[in-house]
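Participant: A single structure is presented below for examination.
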Amino acid sequence: MKTLPRQPSERHSSPWVALIFAILPVVAASLLGSAATVPQIPGWYAGLAKPPFNPPNWIFAPVWTTLFAMMAYAVFRILRQPLDKRWALVAYHIQLALNLAWSCVFFGLNSPLGGILVILPLLAMILVTIAAFRPIDRLAALLLWPYLAWVWFATLLNASIWWLNR
């Protein structure tokens, strides 16, 4: 007996294709962000006045690696859902672009004030992404809450660094 092809809304992409589309943007943002950040740490960043709650430099790499892995898994779950996910994917990629832009502005341009101007819309877009993910896949939305918490902390840190160095 011949079965009818699935409707586009019922199709699930290959898990391997979804995995590639979930991982590549995160890896690209991570590598490009690191390229803007790492060269500035021993010179410019080391010379800034920082608040007492500033974490040691070694903590950032494992935290960001974990958060990026959680983001990739969250978007992988979204990509595997049969529901309309276009808006959720647009929101996700906008926040990912803002994440990269923050590294380029704060570190690459040595601009804590510019960093504040980028990180505030980033916070908003993470919330939008969580809201867009929730009706599609609740776990995917929950996976982004630690990222939101860390970016909120980074916002306080960024604002404090700007204030102390103005």
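Participant: Please work out the FRET efficiency for the pair Asp84 and Trp152, using the Cβ-Cβ distance as r and a Förster radius of 41 Å; give the result to the nearest 0.05. It would help to have the intermediate numbers written out before the result.
Facilitator: On the way: r = 29 Å, r/R0 = 0.72.
Result of the calculation: an efficiency of 0.90.
Participant: Please work out how much length the chain gains when fully extended from Trp163 to Ala61, using 0.36 nm per residue of separation minus the C-alpha to C-alpha distance, in nm with one decimal. Spell out each step's value before the answer.
Facilitator: Values: separation 102, 0.36 × 102 = 36.72 nm, distance 2.48 nm.
Full extension from Trp163 to Ala61 adds 34.2 nm.
Participant: At 1.4 Å probe size, with the rest of the protein present, what percent of the exposed accessible area of the chain is carbon and sulfur atoms? Numbers along the way, then the final one.
Facilitator: Details: 6890 of 9440 Å².
Using a 1.4 Å probe with all protein chains present, the chain comes out at 73 percent carbon and sulfur.
Participant: In nm, to one decimal, how far is the modelled label at Val27 from the one at Leu48, with both set 7 Å along Cα→Cβ?
Facilitator: In this crude label model, Val27 to Leu48 measures out at 2.9 nm.
Participant: Okay, moving on. Output the relative contact order of the chain, whole-number percent, from Cα pairs under 8 angstrom with separation of 6+ residues. Spell out each step's value before the answer.
Facilitator: Working: 159 pairs, mean separation 50.7, N = 166.
Relative CO of the chain lands at 31 percent.
Participant: Taking 1 over the mean of 1/r across every pair of different Cα atoms in the stretch 45-130, what Kirkwood radius in Å do you get? List each step's numbers first, then the result.
Facilitator: Values: mean 1/r = 0.0685 Å⁻¹.
With all distinct Cα pairs of the stretch 45-130 included, I get 14.6 Å.
Participant: In addition: State the Kirkwood hydrodynamic radius of the stretch 95-166 in Å, one decimal place, computed from all pairs of distinct Cα atoms.
Facilitator: Numbers: mean 1/r = 0.0795 Å⁻¹.
Hydrodynamic radius (Kirkwood, Cα only) of the stretch 95-166 equals 12.6 Å.
Participant: So what's the convex hull volume per residue for the Cα atoms of the stretch 8-166, in Å³?
Facilitator: Numbers: hull volume 15.3 nm³, N = 159.
Dividing the Cα hull volume of the stretch 8-166 by its residue count gives 96 Å³.
The values are calculated or read from the model by the stated rules, or taken from the named source; none is laboratory data. In this text the structure is predicted, and so the values were computed from the model without any measurement. In this analysis, Cβ positions are derived from the backbone assuming ideal geometry, glycine residues included, and neighbour counts consider all displayed protein chains. Just so you know, the surface numbers come from the protein's heavy atoms only, side chains and all, with ligands and any DNA or RNA stripped out. Shrake-Rupley method; radii C 1.70, N 1.55, O 1.52, S 1.80 Å.
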